[in-house]
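The next block holds one structure in the form of structure tokens; read it before the comments.
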Amino acid sequence: MSESAPCLYCQTDNEAGLRDCKNCGMPLAPSHPENRKRGLKFFSKAFWLIAIFCVIMMFYLPR
């Protein structure tokens, strides 16, 4: 399955690796705001950081 990202101007799907939109010719953004992998990567790092912090605090704080 090939990755694609919509053009920010005309919303046409373009294949990954293109520099300009195949429909309107406008330059494509290097990192698209709707990039799910970027958001998922940030979320997973934040989740593990919070989880580790909670485990440490369970043992550190007095009961």
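See the values below:
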| quantity | calculated |
| --- | --- |
| Tabulated pairs, the range 27-45, first under 15 Å from Asn14 (Cβ atoms), second at pLDDT 70 or above and among the charged types (D, E, K, R), C-beta under 6 angstrom, 6+ apart or interchain | Pro27/Asp20 |
| Hits in the range 1-47 (condition: modelled with pLDDT of 80 or more and of a type in the set (D, E, K, R)) | Asp13, Glu15, Arg19, Asp20, Lys22, Lys41, Lys45 |
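The values are calculated or read from the model by the stated rules, or taken from the named source; none is laboratory data. Source: prediction; values computed, not measured. A quick note on method: Cβ atoms are made from the backbone with ideal geometry, for glycine too, and the neighbour counts reach across all protein chains shown.
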